[in-house]
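Following: one structure in structure tokens, then a few remarks.
The values are calculated or read from the model by the stated rules, or taken from the named source; none is laboratory data. Quick caveat, the model's predicted, so the values are computed rather than measured. Cβ placement follows ideal geometry from the backbone for every residue including glycine, while neighbour counts extend to all protein chains displayed.
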Amino acid sequence: MLNGEKMLFSGAQATNVLTIGNYIGALKNWVSLSDEYTCLYCVVDEHSITVRQDPATLRKRARELLTLYIATGLDPEKNIIYYQSHVPQHAELAWILNCYTYMGELSRMTQFKDKSAKHADNINAGLFTYPVLMAADILLYQADVVPVGVDQLQHLELTRNIAERFNNIYGDVFTIPEPYVGKVGAKIQSLQDPSKKMSKSDENENASIYMTDPRDVIIRKFKRAVTDNEACVRYSDDQPGIKNLISIYSAFSQKTPEEIEREFDGRGYGEFKLAVGESVADVLEPIQKKQADLLANKDYVDSIIKTNAERASYLATKTLRKVQKKIGFPEIVR
Ligand code: ATP
Ligand code: LTN
């Protein structure tokens, strides 16, 4: 039923509609890796509530995200696609791992610093311990590999440190996970400010291409993308706007940055931006159609949600029992 012997875990938050940054940095790699590993792709709804959410919107977004996973090409029979909140072992292991994580380590996390600056009125304990829940997600399934965008590498390093610390005390309990970061487009920048990451929570709608944007909106947003006065399509740090557009085009067209430079040698930015927009729209349209079909097929999606939560829970229970035993919790009498 499942694919390889090695385990892969990844997830994304259901906080907003995903951007093509999430797609390139995460989902696209998930699809390409899914044949090699036994994969779990989680909708991390418990992470989402570290920032205040409207309940009806969160529920809707979580379902949209789960169906998007499938629509991008992840087979729900071969991969375990599920909601974090349906598998309570995540939160249980997170509690335990909290007791093996230092305040100092968590204070150094740049995502915590950024998010607490952004949500100064709600710096809750969950925001602080967010990376511990992420470590629990990963370690619960003995994941060998975790595909993420570069912004998550610090959290992964912390996960490895927690696992090693635990293993040093109790013996080999956890597999030490390796990050997997794709070669091109590991970090897609904002279309309006190429020094900033493209983020699904950016207030400026023109800064991000959403996975749900129709073709005309995609083309328009690329047309407005911030570039420079060099009039030269070159993959260079001196031209961050153009470099970002080349990365996007490369990820969506499978052409290398060098091929793209050659293709647009002597041609204007207008033509280039249109080609980028068309290539993105060509890939997104069939995904959007498939997602719409899935959202209309309630019974099918419900059955996937149920069986996959059971499959995840089975694997999670094995690790959690082992951990509980190692740390000295009394055995459950059956
Ligand atoms: P937010 O902007 O709301 O903080 P986010 O856009 O960073 O969220 P997440 O759900 O935190 O989205 O991330 C999901 C995955 O997408 C992660 O693996 C992350 O590394 C990746 N990712 C997010 N933004 C980008 C980006 N601009 N470029 C490449 N990968 C990205
Ligand atoms: N923190 C991640 C989402 C996330 C994740 C995970 C990614 C939660 N748990 C486990 C990989 C593995 C984020 O903000 N992108």
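Could you tell me whether the range 229-252 includes any residue that is within 16 Å of ligand 2 (Cβ to nearest atom) and either assigned to a loop (DSSP other than H, G, I, E, B) or at pLDDT below 95 (or both)? Within the range 229-252, not a single residue is within 16 Å of ligand 2 (Cβ to nearest atom) and either assigned to a loop (DSSP other than H, G, I, E, B) or at pLDDT below 95 (or both). Within the range 99-119, take every residue that is crowded, with 17+ Cβ neighbours inside 10 Å and in a helix (DSSP H, G or I) and give me the one that is nearest to ligand 1 (Cβ to nearest atom). By that ranking, first place goes to 115.
Restricting attention to the range 138-159, the residues being away from ligand 1 (no atom under 12 Å from the Cβ) and of a type in the set (Asp, Glu) number 2. I need every pair where a residue in the range 189-202 that is farther than 19 Å from residue 223 by Cα and β-branched (Val, Ile, Thr) has its Cβ under 6 Å from the Cβ of a residue that is at pLDDT 95 or above and buried (at least 18 other Cβ atoms within 10 Å of the Cβ), sequence separation at least 6 or different chains. Correct list of pairs: empty, since none qualify.
Checked against the criterion of being away from ligand 1 (no atom under 15 Å from the Cβ) and surrounded by 21 or more Cβ atoms within 10 Å (Cβ to Cβ), the candidates 15, 50, 38 yield just one match: 38. Taking the conditions (1) closer than 28 Å to residue 218 by Cα; (2) of a type outside the set (A, V, I, L, M); (3) within 16 Å of ligand 1 (Cβ to nearest atom); (4) modelled with pLDDT of 95 or more in turn, residue 30 satisfies each one other than (4). Between 74, 65, the distinction of being in a helix (DSSP H, G or I) and either touching a residue at least 24 places away in the same chain (Cβ under 8 Å) or away from ligand 2 (no atom under 14 Å from the Cβ) (or both) belongs to 65 only.
Taking residues in the range 299-315 that are of a type outside the set (Gly, Ala, Ser), and partners anywhere that are buried (at least 19 other Cβ atoms within 10 Å of the Cβ) and assigned to a helix (DSSP H, G or I), the pairs with Cβ atoms closer than 6 Å and at least 6 places apart or on different chains are 301/294. Taking the residues in the range 70-114 that are among the hydroxyl-bearing types (Ser, Thr, Tyr) and in contact with a helix residue (DSSP H, G or I) (Cβ under 9 Å, 6 or more places away or on another chain) as candidates, determine which candidate is farthest from residue 327 (Cα to Cα). The extreme case among them is 72. The single residue among 133, 127, 139 that is buried (at least 16 other Cβ atoms within 10 Å of the Cβ), over 25 Å from residue 17 (Cα atoms) and at pLDDT 95 or above turns out to be 139.
On the basis of being more than 13 Å from ligand 2 (Cβ to nearest atom), in a helix (DSSP H, G or I) and of a type in the set (S, T, N, Q), does residue 168 make the cut?
When the stated conditions are applied, residue 168 passes them.
Scan the range 204-225 for residues that are surrounded by fewer than 17 Cβ atoms within 10 Å (Cβ to Cβ) and either in a loop (DSSP other than H, G, I, E, B) or charged (D, E, K, R) (or both) and the total you get is 9. Of everything in the range 5-40 that is of a type in the set (Val, Ile, Thr) and more than 11 Å from ligand 2 (Cβ to nearest atom), the residue that is nearest to residue 316 (Cα to Cα) is 38.
Just one of the listed residues (189, 152) is within 12 Å of ligand 2 (Cβ to nearest atom) and crowded, with 20+ Cβ neighbours inside 10 Å, and it is 152.
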